[in-house]
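Report on the following structure.
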Amino acid sequence: MIWLNPVALVAFVAIAAPILIHILAQRRAERFVFPTLRFLRPTRLTSIRRHVLEDRLLLAVRSAIVAAAVAAVAGPVIVTPARRDAWNRRIVRAVVVDARVTASDASRASAAREPRAYRAADFHVTTLVDGLRRATDWLGQAPPARRELLIVAPLTIGSLSPSDLAAVPADVGIAFERPTSLPTLRTIRWGSVRSSGGTIDRQVRLDGVATSVIDLPTRDRTAHTAALPIEVVASERANALVDAALTAVLARRVWSPPPGRRAQFFVSDDDTASLARSIAVTAALTPWMAEAIARMIRDTDLQQAAARTLEVLGDDRLPKGPWRTVAMSAAGGPLVVAGASGDRLLVVSAASPSSAVMPILIRALANAMAETSDLTQAEVLGIPDEQLNAWSRPASAPAQPRLDALDIDDRRWLWVVVLALLGAEAWLRRSARGRSTVVDVGETVRVA
Amino acid sequence: MAIDAPCPPEVLASVGDLELVARIVVEGLVSGLHRSPFHGYSAEFSQYRRYRPGDDLKYVDWKLLARTDRVYTKQFRETTNMAASFVVDASTSMDFPPGSIAAMTKFRYGVIIAAALAHVVSGQGDAVGLVAGNVVLPARGGRQHLRRLLASLASIAPAGAWDGLDVVRGAADRLSRRGLLIVVSDFYDDEERMTTELRRAQRMGHEVVLFQVLTRDEIELPYSRDLEFADLESGARLAVNAASARRDYRDAVADFLERMRSRALAEGFHYTLVVTDTAPERALRSFLLSRQA
């Protein structure tokens, strides 16, 4: 038996209430004025006699009423074999549909699945990992039944991994449907890169297991030349070193930021300390700025280089406002911080212009501002059927159901019992009163 | 008011004017009674007066007319040859059930009985007196006296204990000649000594009439739970389980009532047990009919 509200079982102590009332209600003798006591003979009071309880049946019924009511409030669910069989027969299904699958293909794949679902829900997602998480959460709240996860997707390699599936509970069945066959060849635009010679369009050709990267001169007439949209603010001494670092970065090619994205790179040193402190920074709430800051923080080259430097943006150099620390120096203080300054991403660095951190930081900033395509969405190779078969598994019998997921309980039967007992209690009380009335009439006649 | 529809006790209890109550009871009482239940009515000659037109010819003294040739009528002075003294128990034991204005207490019931009988007796021209609580009215006739007696009865509130023996003795002694001693009480006194006093009054030539007023609850003890009974007069307390005590109680009350009845029969007292849930007219009517028989 399962209790939906086991805390309510504490109220079983309330069974003592009718017993105590039954005993204590007799203890108080009400004062009653009477013309004379000459005809009254002392008797033992009921409260004394009732050390041995009277009306035991009535008392038992009243206690049973309390017990049944408490049990009903506690929400019992009796798991009978028949009920468990019923749970085993039905299935709840979460269908994770990849965004590249058409709605008709998805519904066809879902409808063709046997047995028919007792309950089902579709989750249209761009990444299967996200879909697995949402579907697993939904299945966790489903009523008791066998649970199945159906993934309808092209199932390209890299879209799903064993670690992703390991997060799915063991009793949840997993099935895969690949509604359409994948193309054997696909060429997509990856993005554009900046180099010393100008802007270059970069394409990727996926041909079976072969991947080719193709660089072509850009056909975009509005594309900028080699200059990056990064405004550098530095002292006269540092300018030449920073320019050299920019040239080095462009020589190695960096991803080209889309039009409209601009940054201000502030190289802070003794000469520009007061200027750095005077900069008013605002929170980087624009999505591309927040994403760029996050990318720089994730840039391992930048973090490793920063950890090898000793420069720190001291309090006298830190700009005012809600800046974010991008990289910490070996001295334990911030080396690079970022924020927003108007429509520009603001980056302030204490790194020496002559150090190795400078070109790494510029490259990280330029790449962070860029926008590139997700190649996994264009993959032409599917996960082998053998692998999918290995990952597939049937839905197991439902485990102990979650209390908040149960769609039935047995409270109603207990409330019926309570009502029946209340009727019995009323009948018993009337019967007892009727017996006393009969005695009164008989004795009245005798006295008269 | 017809006999078949006596005024309910609770209605009589709610009427404040005792004279009105007495008249209501008596009007329902005397219909159907063809002669006076009390004997002793007479009229005593007083004087002669010249005849005036309109005088009843039956009072013309024809012999005097023959002797003197003058027309005189005889005038009579109403006299009584019987005095009735009402003794009403005004102890707190009569104030039961207590605390309710609408309820007919034993005392209120006894007062109504006494008032109605006083109305009847006085209406016959006999004298009526009263001994109740601190009120002592000697037996006299006339409506003015009756009204004074009723007003006195209405003003009495039951209080304290009742020394029935002294009260009965005093009332009997105050009756100067053969009279009627009507005692209204629950008779929760010393039975032997009360009988002795009543016997003494009877030997003095008085007719003794006893009205024992009780409530139905006193007779039947219809309670069923633990109760701490408190004596209305003494304040003594006794906690009993009423359901358990009921059988013995009823036996004791039945024995008490039987003793009262048999003693009254043996001594020649006129004894009537009245229960407050019966209409006063019914109780009085059965009493008066028994006296006529």
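The values are calculated or read from the model by the stated rules, or taken from the named source; none is laboratory data. What you see is a predicted model; the values in this text were computed from it and never measured. All Cβ positions, glycine included, derive from the backbone under ideal geometry; neighbour counts span all protein chains shown.
Quick notes on this structure:
- Contacts under 7 angstrom Cβ, first residue in the range A:96-117 being assigned by TED's automatic domain parsing to the domain that holds A:Asp130 and free of Cβ contacts under 8 Å to residues at least 60 places away in the same chain, partner part of a loop (DSSP other than H, G, I, E, B) and among the polar types (S, T, N, Q), 6 or more apart: A:Ala99/A:Thr126
- Failed item in (1) assigned to a helix (DSSP H, G or I); (2) buried (at least 17 other Cβ atoms within 10 Å of the Cβ), with A:Arg113 passing the rest: (1)
- Whichever residue in the range B:235-245 is part of a helix (DSSP H, G or I) and at the interface with another protein chain (Cβ under 7 Å from one of its Cβ atoms) and, among such residues, is surrounded by the most Cβ atoms within 10 Å (Cβ to Cβ): B:Ala245
- Filter pass, B:Phe287 being under 17 Å from the mean Cα position of the chain (by Cα), within 29 Å of B:Ala84 (Cβ to Cβ) and assigned to a helix (DSSP H, G or I): yes
- For the range A:77-110, a tally of residues being hydroxyl-bearing (Ser, Thr, Tyr) and either surrounded by 14 or more Cβ atoms within 10 Å (Cβ to Cβ) or on the phi > 0 side of the Ramachandran plot (or both) returns 2.
- Among residues of the range A:261-293, those that are in contact (Cβ under 8 Å) with a residue 60 or more places away in the chain, in a loop (DSSP other than H, G, I, E, B) and surrounded by fewer than 16 Cβ atoms within 10 Å (Cβ to Cβ), counted: 0
- In the range B:176-196, of all residues being under 21 Å from the mean Cα position of the chain (by Cα) and farther than 30 Å from B:Ala279 by Cα, the one that is surrounded by the fewest Cβ atoms within 10 Å (Cβ to Cβ) corresponds to B:Ser176.
- Scanning the range A:389-412 for residues that are at pLDDT 85 or above, loosely packed, with under 13 Cβ neighbours inside 10 Å and not in a loop (DSSP other than H, G, I, E, B) returns A:Asn389, A:Ala390, A:Arg412.
This table checks each residue for (1) modelled with pLDDT of 85 or more; (2) closer than 20 Å to A:Thr376 by Cβ.
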site: A:Gly75; (1), (2): no, no
site: A:Ile78; (1), (2): no, no
site: A:Ala86; (1), (2): no, no
site: A:Asp122; (1), (2): yes, no
site: A:Val125; (1), (2): yes, yes
site: A:Trp138; (1), (2): yes, no
site: A:Arg146; (1), (2): yes, no
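- Of all residues in the range A:126-150, those that are in the same structural domain as A:Asp98 (by TED's automatic domain parsing) have Cβ atoms under 8 Å from Cβ atoms of residues that are part of a helix (DSSP H, G or I) and small (Gly, Ala, Ser), 6 or more apart or on another chain, in A:Gly140/A:Ala405; A:Gln141/A:Ala405; A:Ala142/A:Ala405; A:Pro143/A:Ala405; A:Pro144/A:Ala405; A:Leu149/A:Ala135; A:Leu150/A:Ala109; A:Leu150/A:Ser110.
- Test for B:Val253: is it at the interface with chain A (Cβ under 7 Å from one of its Cβ atoms), β-branched (Val, Ile, Thr), surrounded by 16 or more Cβ atoms within 10 Å (Cβ to Cβ) and over 31 Å from the mean Cα position of the chain (by Cα): no
- Condition check for B:Gly205: small (Gly, Ala, Ser) and buried (at least 22 other Cβ atoms within 10 Å of the Cβ): no
- Applying the condition of being within 30 Å of A:His22 (Cβ to Cβ) and in a helix (DSSP H, G or I) to the range B:186-234 and asking which residue is farthest from the other protein chains (Cβ to nearest Cβ) yields B:Asp217.
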